1. For Ile356, indicate whether it is modelled with pLDDT of 95 or more, surrounded by fewer than 23 Cβ atoms within 10 Å (Cβ to Cβ), in contact with a Phe, Trp or Tyr (Cβ under 9 Å, 6 or more places away or on another chain) and not basic (Lys, Arg).
2. Which one of these is out of contact with any Pro (no Cβ under 9 Å at 6 or more places or on another chain), of a type outside the set (S, T, N, Q), crowded, with 24+ Cβ neighbours inside 10 Å and outside the structural domain of Thr409 (by TED's automatic domain parsing): Met145, Met114?
3. Within the range 327-371, how many residues turn out to be of a type in the set (D, E, K, R) and either in the same structural domain as Asp204 (by TED's automatic domain parsing) or in a strand (DSSP E or B) (or both)?
4. Contact list please: Cβ distance under 7 Å, first residue in the range 239-253 and within 23 Å of Glu362 (Cβ to Cβ) and assigned by TED's automatic domain parsing to the domain that holds Glu362, second residue modelled with pLDDT under 95 and among the small types (Gly, Ala, Ser), pairs at least six apart or on different chains.
5. Restricting to the range 386-395, name every residue that is of a type in the set (A, V, I, L, M, F, W, C) and over 16 Å from Asn97 (Cα atoms).
6. Can you tell me how many residues in the range 123-138 are surrounded by fewer than 24 Cβ atoms within 10 Å (Cβ to Cβ) and touching a strand residue (DSSP E or B) at 6+ places or on another chain (Cβ under 9 Å)?
7. Looking for something assigned to a strand (DSSP E or B), farther than 25 Å from Tyr266 by Cβ and within 23 Å of the chain's Cα centre (by Cα) - is there at least one such residue anywhere in the range 44-57?
8. Looking only at residues in the range 228-264 that are touching a Gly at 6+ places or on another chain (Cβ under 8 Å) and not basic (Lys, Arg), which one is nearest to Asn332 (Cα to Cα)?
Amino acid sequence: MPKTLFDKVWDAHLVEELPGGNYLVFMDRIVAHEITTPQGAIQIDEEFGGRIFDASRILAINDHVAPAKDTATAVQADVLRKWARKHNIRHFDIGENGICHIVAPERGYVQPGMTLCCGDSHTCTNGAFACFALGIGTTANAGAMLSQCLLLKKPKVMRINVTGKRKPGVYAKDIILAIINKISFKGGTGYVLEYTGDGIRDLDMEERMTICNMAIEAGATSGMIEADEVTFEYLRNREQIPQDSKEFDALVKKWSEYKADPGAQYDTEVELDISKLEPMVTWGINPGEAVSTRSAIPADADEKALEYMGVKVGTKITDLELDQAFIGSCTNARISDLRIAADILRGHKVRIPTIITPGSQEVKRQAEREGLHDVFQDAGALWTHASCGPCLGMSMGVVAPGNRCISSTNRNFPGRMGTGSRAHLASPATVAASAIYGKIISANDLAMSSPAA
């Protein structure tokens with residue numbers, strides 16, 4: 001019987017089917033960070049004698065508040081650091097670190113056909129590599145480190161077929177915002193999303209990671225994209241990938257199997273033609289409340305969202321004045337994102353406080369080799385080190401109550417970037433253009449306009 005991509009990975013890792021519709025599934029890789037891991041790590045040491053199934057399959061990263069902002073986060077970082085050292089776990093600490101969903105792929109720790117879990121909802125980013133990658137809670141994460149398995153219900157599979165060729169100025173972030181808008185921010189609940197079609201195959205790996213990163217924002221368990229030549233070339237010569245050409249070719253042959261079979265049956269199918277898609281931005285309080293940057297607040301807008309965001313039906317998106325801009329996060333802080341932002345910011349000055357945060361130390365160093373940091377700073381933006389902090393309102397750019405921030409992140413829930421803050425999600429291109437203009441505007445339209453007086 002023809003299988004979906006998800007079914008192939010699931011079946012290869014199924015340990016046992018249990019009563020009550022539960023399944024025991026083996027995890028190839030566990031990623032641990034300083035916010036959700038310490039409690040479970042302490043419990044393992046105190047109640048289970050420090051027993052870990054396979055330390056070589058665990059990756060530890062200080063990323064959410066890096067470096068620590070206060071005593072509480074310093075303690076969390078210290079617990080993870082000492083625990084990783086004690087158990088000989090590969091640890092990316094300050095100076096070598098970055099956002100876990102960026103570091104793991106860029107170092108080759110994520111490969112087609114794998115299963116991967118982490119105590120962070122955006123672990124689904126790694127599904128871009130034909131992986132089943134999911135975010136889990138602290139207790140489940142500790143259990144996985146003890147047994148190398150998770151107890152799961154089997155998700156259904158939704159095929160999202162993206163067709164058409166995107167217009168210039170339209171990016172992966174615009175595509176995923178359009179997808180969530182189409183199926184709703186809860187429309188993927190209980191599903192794994194398999195993104196397919198020419199519109200997906202045309203994306204590079206960093207764009208594919210952006211697409212999969214926001215599967216959770218549609219309520220999905222994860223998102224996945226089949227492995228192809230784009231995947232293989234990205235992985236070539238990565239730190240954890242065999243350098244011998246014969247070994248690599250053998251891996252590619254194995255990885256090539258991780259795609260849906262012709263005739264595979266899905267529980268639900270969705271079609272999206274992106275040929276007419278315009279740059280998108282969220283106006284409301286979930287990622288599904290998004291429109292074109294040339295549109296207005298829709299007539300059917302939710303009253304609670306209108307009230308929280310301080311907007312009215314019919315207001316043009318381009319009339320919304322901004323207080324802050326942010327480019328970063330596990331969604332859009334890779335080198336390609338920074339290059340796009342730099343191309344737009346070059347020769348301009350930002351009109352609002354603008355923070356630009358690379359996704360990892362590797363990304364930071366590459367950006368600086370290319371002189372992108374000078375472009376950002378010449379434009380008046382703050383160039384920082386890698387951290388999750390601003391995205392979830394923890395550090396390095398918390399937004400004040402009532403302030404409006406245009407952001408390349410993944411969540412615009414009330415208070416996400418700070419108590420009472422108002423976040424508008426968009427691509428790095430739209431964020432950069434809006435930082436220059438002082439109001440929400442796409443890069444395409446900025447080129448035809450003069451910055452606000």
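The values are calculated or read from the model by the stated rules, or taken from the named source; none is laboratory data. Treat the numbers as computed from the prediction; the structure is a model and nothing was measured. Using ideal geometry, Cβ is built from the backbone for each residue, glycine included, and neighbour counts are taken over all protein chains shown.
1. Numbers: modelled with pLDDT of 95 or more: yes; surrounded by fewer than 23 Cβ atoms within 10 Å (Cβ to Cβ): no; in contact with a Phe, Trp or Tyr (Cβ under 9 Å, 6 or more places away or on another chain): yes; not basic (Lys, Arg): yes.
When the stated conditions are applied, Ile356 does not pass them.
2. Numbers: Met114 fails: crowded, with 24+ Cβ neighbours inside 10 Å.
Going through Met145, Met114 in turn, the sole match is Met145.
3. Quick first cut of the range 327-371, residues of a type in the set (D, E, K, R) only: 334, 337, 339, 343, 346, 349, 351, 362, 364-365, 368-370.
Subset that is either in the same structural domain as Asp204 (by TED's automatic domain parsing) or in a strand (DSSP E or B) (or both): none.
Within the range 327-371, residues that are of a type in the set (D, E, K, R) and either in the same structural domain as Asp204 (by TED's automatic domain parsing) or in a strand (DSSP E or B) (or both) number 0.
4. That search, which allows pairs on different chains as well, returns nothing.
5. Residues of the range 386-395 that are of a type in the set (A, V, I, L, M, F, W, C), as a first pass: 386, 388, 391-392, 394.
Cys391, Leu392, Met394, listed by residue number.
6. Taking the range 123-138 first, the residues surrounded by fewer than 24 Cβ atoms within 10 Å (Cβ to Cβ) are 135-138.
Narrowing the set further to residues that are touching a strand residue (DSSP E or B) at 6+ places or on another chain (Cβ under 9 Å) leaves 135-136.
Qualifying residue count, the range 123-138: 2.
7. Of the range 44-57, the ones assigned to a strand (DSSP E or B) are none.
No, that holds for no residue.
8. Residues of the range 228-264 that are touching a Gly at 6+ places or on another chain (Cβ under 8 Å), as a first pass: 235, 238-241, 254-255, 257-258.
Now narrow it down to the ones that are not basic (Lys, Arg): 235, 239-241, 255, 257-258.
Working: Leu235: 19, Glu239: 22, Gln240: 23, Ile241: 24, Trp255: 26, Glu257: 29, Tyr258: 26 Å.
Restricting to residues being touching a Gly at 6+ places or on another chain (Cβ under 8 Å) and not basic (Lys, Arg), the top hit is Leu235.
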